[in-house]
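Peer 1: I'd like to ask some things about the structure below.
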Amino acid sequence: MATVVVKNELNVYESAEARFELAAQKLGLEEGLYRYLKYPNKEVTVYLPVMMDDGRLEVFIGYRVQHSTVRGPGKGGIRFAPDVTLDEVRALAAWMTWKCAVVNIPFGGAKGGVICDPARLSRTELERITRRYTAELLDWLGPERDVPAPDLGTNEQVMAWVLDTYSMHVRHTTTAVVTGKPLDLGGSRGRREATGRGCLIVCNRALAKLGMKPEGSRVIVQGFGNVGSLAALLMHQAGFKIIGVADIHGALYNEKGLDVAALMDWVYLKRKLLPEFPGGTRMPAQEILFQPCDILIPAAVENQLTSRNAHRVQARILCEGANGPTTALADEILEKKGVFVIPDILANAGGVTVSYFEWVQDRQGFFWRESEVNERLQDVMEHSFDEVVRYSETHGVNNRIAAYMLAIDRVAYALKLRGIYA
Ligand code: NAD
């Protein structure tokens with residue numbers, strides 16, 4: 001396998017680009033198409049004046065990047081976090097393009113973010129930031145243009161505010177302008193669990209491929225938010241043994257298995273700190289990544305496995321619930337160790353797949369049963385997993401580069417069919 005070149009390992013945009021370069025080279029992508037797909041379509045920075053509860057006027061910085069709309073409207077979350085950067089949003093937008101293409105849904109890729117700390121903002125301040133951000137992007141957003149969803153620091157309520165702001169401006173309720181919204185506003189059954197369920201589905205597929213069984217397989221999950229907690233819960237219910245979990249406050253380890261349902265009550269109903277749950281041994285959050293297990297699911301933030309620590313991973317399967325948890329330099333170390341990697345653009349694509357189902361249901365005005373949503377999700381995830389693995393075997397590349405190659409090939413083909421305008 002050719003090696004990747006990056007100047008700053010922790011710059012996620014460079015990490016994404018390094019994989020793109022390698023996959024494009026393996027595919028023999030034409031020079032012009034390569035140039036077209038390397039850069040985003042559009043990017044915008046917005047400065048959001050917001051009146052704070054104490055009467056102060058603050059200005060927040062927000063971004064939206066549309067990487068590609070070749071296969072359909074832009075699709076991608078909005079992130080509220082203190083360390084959001086334009087490079088990060090660019091990388092996430094490109095990943096959305098490849099992710100939608102890997103699971104073959106008719107969307108391009110986009111992403112947005114606002115530099116703010118939701119933990120330090122009141123509900124009314126968050127609402128004003130969201131509404132102003134949406135209003136500034138009014139000409140960009142829309143069911144046929146660009147469809148946001150939740151990401152780190154945003155949730156169903158934030159999506160409801162985006163929906164309302166957009167609808168007030170266009171003078172009619174437009175539910176399909178966002179996904180991941182509350183059920184009562186046109187959300188989809190099964191969306192909340194979709195990313196975690198997608199992880200479960202691809203892990204089952206990987207175990208079957210490696211001749212291993214789910215029952216009793218030892219799983220470690222880093223991140224206990226939407227993706228991590230629901231992946232852990234669904235896998236626990238499916239007979240996996242969840243031996244370690246972590247969130248920002250620290251990690252918990254129990255080789256006999258944790259009671260994930262009780263842990264969810266502890267964190268989400270009782271509102272207590274995860275590492276204080278009586279049922280495991282505490283350890284620093286990052287250490288959980290290096291305990292022996294069958295499946296490791298980083299489902300928190302980027303850059304967790306790097307060239308400095310990837311050699312310490314003791315998992316047979318790495319299922320990337322988060323976007324970009326592994327740096328491009330760590331890829332090579334994991335490959336040498338023989339870890340079976342289910343790359344982020346496949347592993348966490350369950351969320352965008354059910355977002356697509358949500359968008360379809362909104363436009364149909366007809367809503368599906370949860371079992372229908374889950375069944376369709378299973379079809380998409382299993383089929384996509386099989387395609388990536390087949391691509392990897394046919395082209396003699398690792399799963400990540402195979403997923404990129406499959407995705408780039410699909411986007412490039414659509415681009416060729418459309419041709420270049422003017
Ligand atoms: P979230 O905000 O609901 O949860 C994030 C979790 O990570 C929290 O439990 C937090 O405490 C934990 N965390 C943060 N920093 C940590 C650290 N340094 N060490 C350990 N834990 C840490 O976010 P989410 O929606 O679950 O998203 C998690 C990741 O999955 C992100 O990379 C996101 O882009 C990606 N993702 C999310 C979805 C989705 O549907 N929500 C879909 C695809 C990808």
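The values are calculated or read from the model by the stated rules, or taken from the named source; none is laboratory data. Only a predicted model underlies this, so the values are computations on that prediction, with no experimental measurement involved. Cβ placement follows ideal geometry from the backbone for every residue including glycine, while neighbour counts extend to all protein chains displayed. To get the accessible areas, we keep the full protein, side chains included, count just its heavy atoms, and leave off ligands, DNA and RNA. Shrake-Rupley method; radii C 1.70, N 1.55, O 1.52, S 1.80 Å.
Peer 1: What's the total number of residues in the stretch 303-335 that are hydrophobic (A, V, I, L, M, F, W, C) and either touching a residue at least 40 places away in the same chain (Cβ under 8 Å) or surrounded by fewer than 20 Cβ atoms within 10 Å (Cβ to Cβ) (or both)?
Peer 2: Residues meeting the conditions: 6.
Peer 1: Against the definition (under 14 Å from Gln361 (Cβ atoms), within 15 Å of the ligand (Cβ to nearest atom), part of a loop (DSSP other than H, G, I, E, B) and open to solvent by less than 60 Å² (accessible area, probe 1.4 Å)), how does Gly153 come out, yes or no?
Peer 2: When the stated conditions are applied, Gly153 does not pass them.
Peer 1: Please give the number of the condition Arg205 fails out of (1) among the charged types (D, E, K, R); (2) open to solvent by less than 50 Å² (accessible area, probe 1.4 Å); (3) not in a loop (DSSP other than H, G, I, E, B).
Peer 2: (2)
Peer 1: Taking into account only those residues within the stretch 104-133 that are among the small types (Gly, Ala, Ser) and outside any strand (DSSP E or B), which is most open to solvent (accessible area, probe 1.4 Å)?
Peer 2: Looking at the filtered set, the residue picked out is Ala119.
Peer 1: Pick from Thr327, Thr394: which is β-branched (Val, Ile, Thr), within 16 Å of the ligand (Cβ to nearest atom) and out of contact with any Gly (no Cβ under 6 Å at 6 or more places or on another chain)?
Peer 2: Answer to the selection: Thr327.
Peer 1: OK, next. Scan the stretch 287-302 and give yes if some residue there is more than 13 Å from the ligand (Cβ to nearest atom), in contact (Cβ under 8 Å) with a residue 40 or more places away in the chain, among the acidic types (Asp, Glu) and part of a strand (DSSP E or B), otherwise no.
Peer 2: yes
Peer 1: I need the full set of residues from the stretch 224-263 which are touching a residue at least 40 places away in the same chain (Cβ under 8 Å), closer than 21 Å to Asp344 by Cα and assigned to a strand (DSSP E or B), in order please.
Peer 2: Gly244, Val245, Ala246, Asp247
Peer 1: Hey, another quick one. Hey, among the residues in the stretch 237-263 that are in contact with a Gly (Cβ under 8 Å, 6 or more places away or on another chain) and within 25 Å of Asn155 (Cα to Cα), which one's farthest from the ligand (Cβ to nearest atom)?
Peer 2: Once the filter is applied, the top-ranked residue is Ala262.
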